[in-house]
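Novice: Below you will find the structure I want to go over with you.
The values are calculated or read from the model by the stated rules, or taken from the named source; none is laboratory data. Source: prediction; values computed, not measured. Note that we place each Cβ from the backbone using ideal geometry, even for glycine, and neighbour counts take in every protein chain shown. These area figures cover heavy atoms from the full protein model, side chains too; ligands, DNA and RNA do not enter into them. Shrake-Rupley method; radii C 1.70, N 1.55, O 1.52, S 1.80 Å.
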Amino acid sequence: MATAATVHAHAPQGFIRKYIFSLDHKVIGIQYFFLAITAVFVGMFLSLLMRIHLVWPAATLPLVGEIKPETYLTLLTMHGTIMVFFVLTTAPQGGFGNYFLPIQIGAPDMAFPVLNMLSFWTTFLAFVCIIAAFFVSGGAPLHGWTGYPPLSALQSAGPGEGLGADLWITSIAIFCLASLMGALNFLTTTLDMRAKGMTMMRMPLTVWSWFITAILGLLAFGVLLSAGILLLMDRNLGTSFYVPLVVVNGQIMQHKGGSPLLWQHLFWFFGHPEVYIAILPGMGVTSQILSTFSRKPIFGYKAMVYAMLAIGFFGFMVWGHHMFMSGMSPYSAFAFSLLTMCIGVPSAIKTFNWLGTMYKARIRFQTPMLYAIGFVSLFVSGGLSGPFLAQPVLDIQLHDTYFVVGHFHLIMGVAAIFGMFAATYYWVPKMFGRMMNETWGRVHFFITLLGTYAIFMPMHYLGIAGGTRRYSQYTEVAYLTKLMPLHQFMTYAAIITIAAQFIFVVNLFWSMFKGPKASDNPWEATTLEWTTATPPPHDNFGGVTPVVYHGPYEYGVPGAAKDYVMQTDPVSVPAAH
């Protein structure tokens, strides 16, 4: 075990060391959190522009002007990239993971505080880099968030494929470096700095989810980093890793012998684990909150841990299901299809365990609980369309339609974001010492839940009807114009849902300064972060190292003074199991 002496003991006094280049994991977690909030509003704004353009293709918008087809593809590319990297990867792992993982295992800080600070500022640099792509000559790239060559590999392939695309690739490469540094830190901290008595099987499921996510990040981001470097070389140094002999605008390009499919393999070998990097922390937070607000131990704790490990393991074996359209051998497609069906099993185990936790419970329907239940709902709804896309024979029909967009937005996009909302409403009292407004939290929840279903459910019907994705205009194609009423409905739903997010922002910032003061344990929870002061002191536990005697979900304990037993309570208190 690492000793407390290895961690900086005294709180820094200067403003820059305390709040900007801070080594304290709590400040770094808050920095990640606000970076993600900034990114999510940029990403939402881009999606709003897309939805407006799909319904009113001729509209000229203030500040933006007319949205041309290539502008639409730019919006699509940047929306996907910003949301996947700077929101879904940054907030759950970098934000809440950084803040709460050390506290939940009883550590005074992360194992490598300087590396932690570096990983945040590297992520910030990557964000600046990708935003800069909007402002360079030619504008941002239009090759989609997946960056398929040869479109992404040739400077002359279209507007935005010059410096904008270079900045896009550079941003992702920098982000990969930051994520690798973060993953090393998470793994070392979890393995090496747990408090006395905190065995692996006494860790909260949140810690398990961050730990497994870090393993996925360590294995996946290195592959994407390599792929990105090769793509930059193809674009700027005349190599031919991804570019075959190809003709663009009547001119033969100076490349031959490359394989565009190589990029697809490298990208999706990262890309599928990435969807689990986005969703696993949400699963951990949901488990934590469902148990706390159901006042019951989590149903099947060990099964939950093994299910998460299985999801992480299978996550690396299914990347080919993104490539059924690429002309792969039917035998390979069958193998990927079978493995994709396998990954549904641990996901189903988790779902039934969540339902088992709530079954016959005295549920407290506060805002964090509502969002956790919403997460389960979206996870199931989004997950059910997965097995359809896992069949090559069905996927070939559905692949380039809105069915896929509906599927991954429900399960990976909004499900993960509901996990973030649940975590925010649950942990803001500990982070800032003040409660968030319960009434406005509920209003925000119901509008957001209904809104997300109203936006993304119709996409499945559009896809089954043959509504193609990535097209900037549907008014020109006879059979697609019949689907316009659905597009209009989705756009109105999107406008209302995006407007509702301002309720959350006002609630968050108002509560941080003016909300009612929070007690040390407002939710009557059992894990270590609720045993310390609010907000936690610089070394998390005020010089006292906690000793752990119990598991993380000892609720409804017979014979106990209260209906819960803290992890640090002495052993004389009877345990639930």
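Novice: Quick one: if the Förster radius is 60 Å, what FRET efficiency do Met233 and Ala561 give, using the C-beta to C-beta distance and rounding to 0.05?
Specialist: After rounding, the FRET efficiency stands at 0.35.
Novice: Going by average Cβ neighbours within 10 Å, how do the peptides 147-156, 379-388 rank, with the highest at the top?
Specialist: Working: 147-156: 20.4, 379-388: 18.7.
The densest-packed peptide leads the list: 147-156, 379-388.
Novice: Let me ask something else. If I stretch the segment between Ile363 and Ser259 completely, what's the gain in nm (0.36 nm per residue apart, minus their alpha carbon distance), one decimal? List each step's numbers first, then the result.
Specialist: Numbers: separation 104, 0.36 × 104 = 37.44 nm, distance 5.50 nm.
That pair, Ile363 and Ser259, stretches by 31.9 nm at full extension.
Novice: Sticking with this structure for a sec: Rounded to the nearest 20 Debye, what is the dipole magnitude of the chain about its Cα centre when Lys and Arg each give +1 and Asp and Glu each give -1 at the C-beta?
Specialist: Charge dipole, the chain, about its Cα centre: 920 debye, nearest 20.
Novice: What FRET efficiency comes out for the pair Ser226/Tyr19, r = Cβ-Cβ distance, R0 = 41 Å, nearest 0.05?
Specialist: Efficiency for this residue pair is about 0.70.
Novice: Projecting each Cα onto the charge dipole of the chain (Lys/Arg +1, Asp/Glu -1 at the beta carbon, about the Cα centre), which of Gly80, Trp210, Ala153 comes out farthest on the positive side?
Specialist: Farthest towards the positive end: Trp210.
Novice: If you average the C-alpha positions of the range 248-274 and of the range 179-227 separately, how far apart do those two centres end up, in angstrom?
Specialist: Rounded to whole Å, the Cα centres lie 31 Å apart.
Novice: Can you list the aspartates and glutamates whose alpha carbon sits under 14 Å from that of Lys296, skipping same-chain ones fewer than 8 residues off?
Specialist: Glu524, Glu554, Asp563
Novice: Kindly identify the chain as rounded, prolate or oblate by the Cα gyration tensor criterion: order the square roots of the eigenvalues as a ≥ b ≥ c, call it rounded if a/c is under 1.5, otherwise compare a/b with b/c, prolate if a/b is larger, else oblate. All intermediate terms of the calculation are to be shown ahead of the outcome.
Specialist: Values: a/c = 1.70, a/b = 1.55, b/c = 1.10.
It is prolate, given that a/c is not under 1.5 and a/b is the larger ratio.
Novice: Leaving ligands, DNA and RNA out of it, report the carbon-plus-sulfur percent of the accessible area of the chain at a 1.4 Å probe.
Specialist: About 71 percent, which is the carbon plus sulfur part of the accessible surface.
Novice: Report, largest value first, the span of the C-alpha coordinates of the range 1-101 along each principal axis, in whole Å.
Specialist: Computed over the Cα atoms, the extents are 64, 30, 17 Å.
Novice: At 222 nm, what value in deg cm²/dmol follows for the chain if DSSP H runs of at least 4 each add -39500 (n - 2.57) and the sum is divided by all its residues, to the nearest 500?
Specialist: Calculated at 222 nm, the ellipticity per residue is -19500 deg cm²/dmol.
Novice: Also, quick follow-up: Whose amide H sits under 5 Å from the amide H of Phe299, counting only residues 5 or more places off or on another chain, with H placed in the peptide plane?
Specialist: Thr357
Novice: Next up: Label points 7 Å out from Cα along the Cβ direction at Gln155 and Val506: separation in nm?
Specialist: 5.0 nm
Novice: Between the range 355-432 and the range 474-530, what is the C-alpha centre distance in whole Å?
Specialist: Result: 14 Å between the Cα centres.
Novice: Starting from the Cα gyration tensor of the range 280-514, take the square roots of the eigenvalues, sort them a ≥ b ≥ c, and report rounded, prolate or oblate (rounded when a/c is under 1.5, otherwise prolate if a/b is larger than b/c, else oblate).
Specialist: oblate
Novice: Moving to a separate point now. Using 0.36 nm times the number of residues separating Phe45 and Leu125, minus their current alpha carbon distance, what extension gain do you get? If you can, show how the numbers build up before the last one.
Specialist: Working: separation 80, 0.36 × 80 = 28.80 nm, distance 2.11 nm.
Full extension of this stretch gives 26.7 nm more.
Novice: Further question: Relative to the present Cα-Cα distance, how much length would full extension add between Phe352 and Val64 at 0.36 nm per residue of separation?
Specialist: Values: separation 288, 0.36 × 288 = 103.68 nm, distance 4.68 nm.
The Phe352-Val64 span can extend by a further 99.0 nm.
Novice: For Glu524 and Phe134, what is the calculated FRET efficiency with R₀ set at 35 Å and r taken between the beta-carbons, to the nearest 0.05? Provide the component values of the computation, followed by the final result.
Specialist: On the way: r = 47 Å, r/R0 = 1.35.
Efficiency, from the Cβ-Cβ distance: 0.15.
Novice: Which entries in the list Lys26/Lys360; Lys360/Lys514; Lys196/Lys360; Lys350/Lys562 go over 32 Å, if you measure between the two C-alpha atoms of each? Could the numbers behind the result be given before it?
Specialist: Numbers: Lys26/Lys360 37 Å; Lys360/Lys514 37 Å; Lys196/Lys360 35 Å; Lys350/Lys562 28 Å.
Where the Cα-Cα span goes over 32 Å, the pairs concerned are Lys26/Lys360; Lys360/Lys514; Lys196/Lys360.
Novice: By how many degrees, 0 to 90 and rounded to 10, does the Cα axis of helix 330-358 deviate from the longest principal axis of the chain?
Specialist: Tilt relative to the chain: about 30 degrees.
Novice: Treat each spin label as a single point 7 Å out from the Cα along the C-beta direction, and report the Val571 to Thr188 distance in nm.
Specialist: A separation of 3.3 nm, rounded to one decimal place.
Novice: Roughly what angle does helix 260-294 make with the longest principal axis of the chain, taking Cα atoms, 0 to 90 degrees, to the nearest 10?
Specialist: Helix 260-294 sits roughly 30 degrees off the main axis of the chain.
Novice: Using the heavy atoms of the protein chains and a 1.4 angstrom probe, tell me the accessible area per residue for the chain in square angstrom.
Specialist: 39 Å²
Novice: Related question: In whole Å, what are the Cα extents of the range 412-564 along the three principal axes, biggest one first?
Specialist: 70, 35, 28
Novice: A further question on this structure: Rounded, prolate or oblate: which one fits the range 516-577, using the alpha carbon gyration tensor with axes a ≥ b ≥ c (rounded when a/c is under 1.5, else prolate when a/b beats b/c, else oblate)?
Specialist: In terms of gyration-tensor shape, oblate.
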